[in-house]
Structure formats: C-alpha cells, structure tokens
Amino acid sequence: MINIDFLENSWFFEIKKLNANELLFDEWEVDNNLYIIKSWELSIEKYTTTEKNETKVLAKLWDWEIFWEWSLSNSWPKQVKVIANKDTILLKIEAQNDFEDFLLKHTKSWVDLLSSIIYISNKRLLESNFLITTSYKIQKNISEITDFNNKNLFWIFDSLAKTINSKYILYFEKHPVLDDYITFKYDTRKPWKLNDLIIKIEWNSMNNELLKKYNIEDNENSYVQKLINKNEIVGCMLIWYWNEDFTESHKKAISSIAVSIAWFIKQKQYFEENKKSDYL
C-alpha cells in the first residue's frame, strides 16, 4: 500500500491544491507529472463539441487513486481535461527526472508505488473490458428488436440484470401526463408481470424517495439511474446489487446502456400513441 504521508514528506512530491470546479489541466495541454489524490474527487472529461462548451464525463477518481502514469514513458499532450469536483489535494511528481531520483533515493517506496501503478492499470483495463463487452451485448440486443413493446422492454431489463450480476432491477416510467408522478412498471424478480402502480415523486430527491418507498435502508447496495432521451426524462431504474461485485465500471456500463434503453422506451411510447390514434 502507498504510504501517502511518507511521499508527502519525501521532498520529491509536491502538494497541489484545487478548489471545487478548478481545472487541473485541459485537453491538448502538456503535463509531465504523475499524480496521487490525497483527498476528495476529480472528474476526467472529454469535449463533445468543437466549441468546447460541452463535455462527457469519462471517469471519476477518488482518494488514493494514481493517475497520469503514462507520463512515466511519454510527454504526449493530454486528450482529456481533468477538473476538481470538490476541494481536492493532490501529490505530484515530475514523472521522468524526479521520479528517477526518487527511485535512487527510496527504492523500497518506489517499488511499492510501482506495484500500485501496475495494480491500478490492470484494474482499469479489466473495467474497460467489462464496460465495452457489457455495453456492446445489451445495445446489440436492443438494436435487433423490431417490436417496441413492454414484453421486449422487460426482456431488456432481465438481460441487464443478469449481465451486471445485480440482485434485481425495478423499472419506473415517467407518467405521460403528470410531471411529478412515475409508474412502477416492472420488477425483474417477477418475470413478465406488468405493474401499473402510480407514485408521486420529486425528481430532485428521487433517489431517497424511491429507497424509502421500497424500504431500502442500506443505500450502499442500491443505485438509481435516470433514463434520459434527448434531455427528456422518460423513467428510471432502481438497481439492487451484490455490493462486493459492483464497481465503477458497472455504473459506467449502466449509464451507457441507459441511453439506449431510454431511446427504446421513447419508441415504445410513440408506437403506443399511434395505436391509440388508429383505434380512435
């Protein structure tokens, strides 16, 4: 394990403090430092427009995370921006010359640090592989569906629950008329059973309200994901998972898949409305 206190007092690592929403470095900047987060949280983001007015969050990093280990071998410009979500304290070291001096002076600590870098790098590779394979599997299934109905939608939730190894998933659909209401539609523990329980809810406190409604006290084992299609909330999922198996890669995969599920729900609603119009 990394001895943060030792590194901080070793003279080779500098302390870097960031205020909430302060930029560490921007896309295409050159930064040859290796960083360790001592406290709080950073966000790694990628610009999605040429005007650089919108970004997509690729990852979030917390206490004890090591990042920008690539600087040990190259000095390429950064392809992402890194920003503090909260007041954050970092340790940094120039990744080539100073890091080599640190090796010569503190070989044992250097080995511990290198072991942590290798562990984190392998973990990120495994999480990336899980994200790619899981997203591909579910989104491929969605793309092959031609009938936008509840039966196929429930099948998607059943497939997702199995793929991410969750205990169960509850699906709530936004009420078509009442803004502050959702309809409890499906529970993966009860296959193919349609529900129509209408619930009043405040979207800003949705997570806590759903947990309280379903008597879930241990919110560390639950995760609520909004389903948004083109900036419109169409529903949400309450996912109960096995705590030891649930990682940030699961959250990233769910967030990615949620976009496709929200699109499917919107298509389903469109076809349902057309059927009603034809009937009338």
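The values are calculated or read from the model by the stated rules, or taken from the named source; none is laboratory data. Just so it is clear, the structure is predicted and the values come from calculations on it, not from any experiment. Backbone-built Cβ (ideal geometry, glycine too); neighbour counts: all protein chains shown. When the accessible area is computed, the model is the full protein with side chains, heavy atoms only, and any ligands, DNA or RNA have been set aside. Shrake-Rupley method; radii C 1.70, N 1.55, O 1.52, S 1.80 Å.
Leaving out ligands, DNA and RNA, what percent of the accessible area of the range 37-106 is carbon and sulfur, probe 1.4 Å?
Of the solvent-accessible surface of the range 37-106, carbon and sulfur hold 52 percent.
So what is the accessible area of the range 1-107 per residue, in Å², with the probe set to 1.4 Å?
59
Order the following by accessible area, largest value first: GLU272, GLU65. Probe radius 1.4 Å; ligands, DNA and RNA are ignored.
Ranked list, largest accessible area first: GLU272, GLU65.
Taking the chain as a Gaussian network, where each spring joins two C-alpha atoms under 10 Å apart, which residue of LYS86, LYS185, LYS226 fluctuates the most?
Highest fluctuation of the listed residues: LYS86.
How large is the dipole of the range 30-109 about the Cα centre if only Lys and Arg carry +1 and Asp and Glu carry -1, each at its Cβ, rounded to the nearest 20 debye? Could you put the intermediate results ahead of the total?
On the way: 11 positive and 13 negative charges, 30 e Å.
Dipole about the Cα centre, nearest 20: 140 debye.
State the label only: which of (i) 16.0; (ii) 15.1; (iii) 17.8 corresponds to mean projected area of the Cα convex hull in nm² computed from the shown model?
It is the value labelled (iii).
List every DSSP H helix in the chain whose Cα atoms extend 15 Å or more along the helix's own long axis and whose mean Kyte-Doolittle hydropathy is at least -0.5.
107-143, 150-163
Straight-line reach from LYS92: which lysines have a Cα under 23 Å away, not including same-chain ones fewer than 8 places off?
Hits, sequence-local ones excluded: LYS16, LYS17, LYS38, LYS46, LYS60, LYS78, LYS81, LYS105, LYS108, LYS123.
Considering only DSSP states other than H, G, I, E and B, which GluC sites (Glu not before Pro) in the range 1-58 qualify as loop sites with at most 10 other Cβ atoms within 10 Å?
Taking the range 1-58 and a limit of 10 other Cβ atoms within 10 Å, the loop GluC sites (Glu not before Pro) found are GLU51, GLU54.
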